[in-house]
Amino acid sequence: KQEVTQIPAALSVPEGENLVLNCSFTDSAIYNLQWFRQDPGKGLTSLLLIQSSQREQTSGRLNASLDKSSGRSTLYIAASQPGDSATYLCAVRRRDDKIIFGKGTRLHILP
Amino acid sequence: SAVISQKPSRDICQRGTSLTIQCQVDSQVTMMFWYRQQPGQSLTLIATANQGSEATYESGFVIDKFPISRPNLTFSTLTVSNMSPEDSSIYLCSVVWDRRGEQFFGPGTRLTVL
């Protein structure tokens, strides 16, 4: 059974700092891994998608890495801004197309 | 990417009634899903909406409680039947858009049951 864990559950950092969010999964037989952002009371916005054959993806200030063998992914946010405050969710897609979500990391960037 | 809309965006309903949520996608997609997000929790998959056939439900979810329709490749509905306060959640429609398997979500429907 695939389980997805995100650490930490919550994080507060001063504006301008670089930060890392962690995601781990128990079964390495995944099709892809996706990072999302969710603002309070809203839907999910796709940030980055990493295929199982890839090691990392970058978009602007965001960089996501994938180490399938160890069951880990990280989301790196550079030069954080107050607008980055949100909940960040990691989701893995199994080879049977089921998508399993972590519980998310609530990020608060302090102005 | 796919553009997904949901109606209604929010509703407040009385116990015992039913609500139907609509999901519209601007392009044809094969894979469409319905999720529930209870307050303070992550997303739980309710079912996969299959075009032209019965939805595939996850463990803990049944058709009588959450009937789903998918008449074509751009539209689906989820009905929350005989509602109770425990059904108060955000309900989200999602599609897998392309061969890479990227998933996109609608804006969600916030349901409060009194």
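The values are calculated or read from the model by the stated rules, or taken from the named source; none is laboratory data. As the structure is a prediction and not an experimental result, all values here were calculated from the model. In this analysis, Cβ positions are derived from the backbone assuming ideal geometry, glycine residues included, and neighbour counts consider all displayed protein chains.
Brief remarks follow.
- Enumeration of residues in segment B:1-23 that are aliphatic (A, V, I, L, M) and within 11 Å of the chain's Cα centre (by Cα): B:I21
- Boolean, A:T26 is touching a Gly at 6+ places or on another chain (Cβ under 7 Å) and within 11 Å of chain B (Cβ to nearest Cβ): no
- Between B:S94, B:S69, B:S81, the distinction of being on the phi < 0 side of the Ramachandran plot and surrounded by 17 or more Cβ atoms within 10 Å (Cβ to Cβ) belongs to B:S94 only.
- Meeting the requirement of 2 or more residues that are at pLDDT 95 or above and in contact with a helix residue (DSSP H, G or I) (Cβ under 7 Å, 6 or more places away or on another chain), the strands (runs of 3 or more DSSP E) wholly within segment B:61-114 are B:109-113.
- Among the residues making up segment A:47-85, those that are surrounded by fewer than 20 Cβ atoms within 10 Å (Cβ to Cβ), within 14 Å of chain B (Cβ to nearest Cβ) and either part of a loop (DSSP other than H, G, I, E, B) or in contact with an Asp or Glu (Cβ under 6 Å, 6 or more places away or on another chain) (or both) are A:S52, A:S53, A:Q54.
- Of everything in segment A:29-46 that is more than 8 Å from chain B (Cβ to nearest Cβ) and of a type in the set (D, E, K, R), the residue that is surrounded by the most Cβ atoms within 10 Å (Cβ to Cβ) is A:R37.
- Hits in segment B:98-114 (condition: facing chain A (nearest Cβ under 10 Å) and either surrounded by 20 or more Cβ atoms within 10 Å (Cβ to Cβ) or within 13 Å of the chain's Cα centre (by Cα) (or both)): B:Q103, B:F104, B:F105, B:G106, B:P107, B:G108, B:T109, B:R110
- Options B:I12, B:I21, B:I63: the member that is in contact with an Asp or Glu (Cβ under 9 Å, 6 or more places away or on another chain) and either exposed (fewer than 14 other Cβ atoms within 10 Å of the Cβ) or farther than 14 Å from B:S94 by Cβ (or both): B:I63
- Members of segment B:24-43 found to be surrounded by 16 or more Cβ atoms within 10 Å (Cβ to Cβ) and over 10 Å from the mean Cα position of the chain (by Cα), listed by number: B:V25, B:V29, B:M31, B:Q37, B:S42, B:L43
- Count of residues meeting criterion [touching a Phe, Trp or Tyr at 6+ places or on another chain (Cβ under 8 Å) and at pLDDT 95 or above] in segment B:7-38: 8
- Only listed residue being touching a residue at least 40 places away in the same chain (Cβ under 8 Å) and hydroxyl-bearing (S, T, Y), chosen from B:T48, B:T44, B:T56, B:T74: B:T74
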